[in-house]
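Take a look at the structure set out below.
The values are calculated or read from the model by the stated rules, or taken from the named source; none is laboratory data. Treat the numbers as computed from the prediction; the structure is a model and nothing was measured. Note that each Cβ is placed from the backbone with ideal geometry, even for glycine, and that neighbours are counted across all protein chains shown. Just so you know, the surface numbers come from the protein's heavy atoms only, side chains and all, with ligands and any DNA or RNA stripped out. Shrake-Rupley method; radii C 1.70, N 1.55, O 1.52, S 1.80 Å.
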Amino acid sequence: MSLQSSHVPAWRRLPRSLLLAALALMLAWVLAPLRAAEVADATPAAASAPASGAEVSPAEDPATLMVFNRPIVHFHAALPGLPPSERARRAHAEIMRTLQLGGPGAVTSTTTPQGTMIMVDDVGIFVLLKGDLTRTQTIDSIVGALRAAIAEGQEARSFQAMLRASGFALLGTVVFALVIWGLAGMRRWLHARAVSLGHRYSQRLAVGGRALISGERIFGVARAVTTLVYYALVLIAAAEWLGFVLRRFPYTRRWGEELNDTGIEFGSKIAAAVADSLPGLAVAIAIFLIARGVLGLARPFFTQVESGQLSLSWIDRYTVRATRGLVHIGVWLFALAMAYPYLPGSDTEAFKGITVLLGVMLSLGSSNFVGQAMSGLILTYSRTLHVGEYVRIAEVEGTVTEMGTFATRIRTGLGEELTLPNTLIVGAVTKNYSRTVKSEGYIVDTVLTIGYDTPWRQVHAMMIEAARRTEGILPTPAPHVFQTALSDFYVEYRLVAQAVASAPRPRAQVLTDLHTHLQDVFNENGVQIMSPHYLGDPGQAKIVLPEHWNPPLAGKR
């Protein structure tokens, strides 16, 4: 038996936030004394003040004087033999040397013929030339920055101050951990609440006993939203905690202040952008609400037409669905065009790039797209065919099951479902077997060629008898026989009947049954069915006697 323990160390069970906080605290504690202990081990340099009457030349590369991780001044001008970088190095060495004397660290300034002398404890440190001063870098701001840096250096050398800062940082870390724990608990509660509400309202949003939106889908959306909000709040809390901890220690205080200023600036920009976009967004929402209201007013009209309660000459129940779709598209496109200038970000380059991309995509595929859509509208408004009708399009024959904007679906009697592009249907001859019937259903017809030696009245009677025996053919209206041609050797007869609509069957099956009964009736009466390719009368009529209708299959026992 293995003696290896599976116990997880206690430090690995701590939240990551606490570990990160402890690491940042240790880093700040180590860096602050190291930086505070920085002294000018460089050799004391001479004062950076130029001699009287020395020329000052402009510098190409400015240098920054840093004291205790805080920028004090940016040197732009150069002295003879002293570029800005050397001026910054000597000023830093003078400050460290002066502070080592143990004075109070008082910062003052005085005017000299060369410029403005900055002094610490009445010791000249560096001279500010006219080329060093800018609109944002003034003598007062430089003196204030140096005072703050010296005060932070003195604070970093104070054990009590560092201990107090560590205590505040630890307290802030504990508060941050409690906030994260509270946010995690709220997230779990919201997830459980979303499950409960999802199952409750999914049953209310049901049509015909079937939920339009499942509870799992509602829960998924709610979980995604709460997770996004949770991580956003965690990020804000982490930024606030990190800025608070960094501001406790002198060496990292500048970073904390910059982090806080950056967060405030970012938040103010977001708030200003939201405030600026609110009026336009309100106008856009009002336009969309008006469009929705217009469509709501038109909905009862389309419903009455579709149900047959309202009859108009220019719209019926076959075209009302397409008309309603066109009206919806037109209203929403008009609303989008009106609201587009008021949408937030509509004048940005990114928004314009997306519009250009959509325009290019539509232009590349517009010819086929528009052609198919226009063909669908032609089929709908020309009333060439409707759903449920039995039609023949080119070599395809079947029942129309769906008429879409771009294609039409037809189910054949052989169990196939064919999808025909609307452009093909518009360009082909369509034979509709359902349009001339009195009710829903379709026409069944077939052609026979019989010789002149058979009385035509007998042929009519036999064909009508075969139709009577066929299941699915209506007795009313009665089947009718037409003599469509008097050829050289035979007469062409066409039987036309109407298939039943109450129990619809595939037209192919009805035709199969009709053809079998035609063969039976003609065999019973001893009449030969002739092929269209008639060459001459055979020595014996080609008929099958009733006793030979069901011969046993060869090899079957």
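Residue-by-condition table, conditions (1) buried (at least 18 other Cβ atoms within 10 Å of the Cβ); (2) within 30 Å of Gln528 (Cβ to Cβ); (3) in contact with a helix residue (DSSP H, G or I) (Cβ under 6 Å, 6 or more places away or on another chain):
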{"site": "Ile393", "(1), (2), (3)": "yes, no, yes"}
{"site": "Gly398", "(1), (2), (3)": "yes, no, no"}
{"site": "Phe406", "(1), (2), (3)": "no, no, yes"}
{"site": "Leu474", "(1), (2), (3)": "yes, yes, no"}
{"site": "Val481", "(1), (2), (3)": "yes, yes, yes"}
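Residue count for the range 218-231, restricted to those that are closer than 23 Å to Thr173 by Cβ and open to solvent by less than 50 Å² (accessible area, probe 1.4 Å): 1.
Is one or more of the residues making up the range 374-382 more than 21 Å from the chain's Cα centre (by Cα), exposed (fewer than 12 other Cβ atoms within 10 Å of the Cβ) and modelled with pLDDT of 70 or more? Yes. Does Phe159 meet the test of being aromatic (Phe, Trp, Tyr) and under 24 Å from Thr252 (Cα atoms)? Yes. Restricting the range 465-513 to residues that are among the β-branched types (Val, Ile, Thr) and assigned to a strand (DSSP E or B) leaves a set whose member that is nearest to Tyr452 (Cα to Cα) is Val491. Scanning the range 521-532 for residues that are out of contact with any Lys or Arg (no Cβ under 8 Å at 6 or more places or on another chain) and either open to solvent by less than 50 Å² (accessible area, probe 1.4 Å) or charged (D, E, K, R) (or both) returns Phe522, Asn523, Glu524, Gly526, Val527, Met530. Looking across the range 131-147, the residues that are out of contact with any Ser or Thr (no Cβ under 9 Å at 6 or more places or on another chain), part of a helix (DSSP H, G or I) and farther than 21 Å from Arg89 by Cβ come down to Ser141, Gly144, Arg147. Can you say whether Gly124 is open to solvent by less than 40 Å² (accessible area, probe 1.4 Å), assigned to a strand (DSSP E or B) and of a type in the set (Gly, Ala, Ser), as far as the supplied structure shows? Yes, satisfied.
A quick yes/no check of all residues on (1) modelled with pLDDT of 85 or more; (2) under 30 Å from Val120 (Cβ atoms); (3) buried (at least 16 other Cβ atoms within 10 Å of the Cβ); (4) out of contact with any Gly (no Cβ under 9 Å at 6 or more places or on another chain):
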{"site": "Gly167", "(1), (2), (3), (4)": "yes, no, no, yes"}
{"site": "Gly209", "(1), (2), (3), (4)": "no, no, no, yes"}
{"site": "Glu216", "(1), (2), (3), (4)": "no, no, no, no"}
{"site": "Phe244", "(1), (2), (3), (4)": "yes, no, yes, no"}
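The listed residues are Thr319, Thr323, Thr303, and the only one of them that is β-branched (Val, Ile, Thr), touching a residue at least 60 places away in the same chain (Cβ under 8 Å) and surrounded by 13 or more Cβ atoms within 10 Å (Cβ to Cβ) turns out to be Thr319. The condition (being surrounded by 15 or more Cβ atoms within 10 Å (Cβ to Cβ) and free of Cβ contacts under 8 Å to residues at least 12 places away in the same chain) is satisfied by just one residue among Leu99, Leu171, Leu133, Leu82: Leu133. Could you tell me which residue of the range 342-373 is modelled with the lowest pLDDT, considering only residues that are within 21 Å of Ile290 (Cβ to Cβ) and open to solvent by less than 90 Å² (accessible area, probe 1.4 Å)? Top of the filtered list is Ser346. Looking across the range 306-316, just one residue is open to solvent by less than 70 Å² (accessible area, probe 1.4 Å) and either small (Gly, Ala, Ser) or within 25 Å of the chain's Cα centre (by Cα) (or both), and that is Gly308. Looking only at residues of the range 412-434 that are under 30 Å from Gln519 (Cβ atoms) and crowded, with 16+ Cβ neighbours inside 10 Å, we find that the one that is modelled with the lowest pLDDT is Gly413. Return the residues of the range 273-311 that are touching a helix residue (DSSP H, G or I) at 6+ places or on another chain (Cβ under 7 Å) and closer than 24 Å to Arg435 by Cβ; say none if nothing qualifies. Val305, Glu306, Leu310 - these are the residues of the range 273-311 that are touching a helix residue (DSSP H, G or I) at 6+ places or on another chain (Cβ under 7 Å) and closer than 24 Å to Arg435 by Cβ.
What number of residues within the range 486-508 satisfy the criterion of being modelled with pLDDT of 75 or more and open to solvent by 60 Å² or more (accessible area, probe 1.4 Å)? Total satisfying the criteria: 4.
Only residues that are of a type in the set (Gly, Ala, Ser) and touching a residue at least 40 places away in the same chain (Cβ under 8 Å) were counted across the range 450-486, and they come to 4.
Of all residues in the range 447-472, which are surrounded by 13 or more Cβ atoms within 10 Å (Cβ to Cβ), more than 16 Å from Gln528 (Cβ to Cβ) and at pLDDT 90 or above? If the condition is that a residue be surrounded by 13 or more Cβ atoms within 10 Å (Cβ to Cβ), more than 16 Å from Gln528 (Cβ to Cβ) and at pLDDT 90 or above, then His460, Ala461, Ile464, Glu465, Ala467, Arg468, Arg469, Thr470 are the ones that fit.
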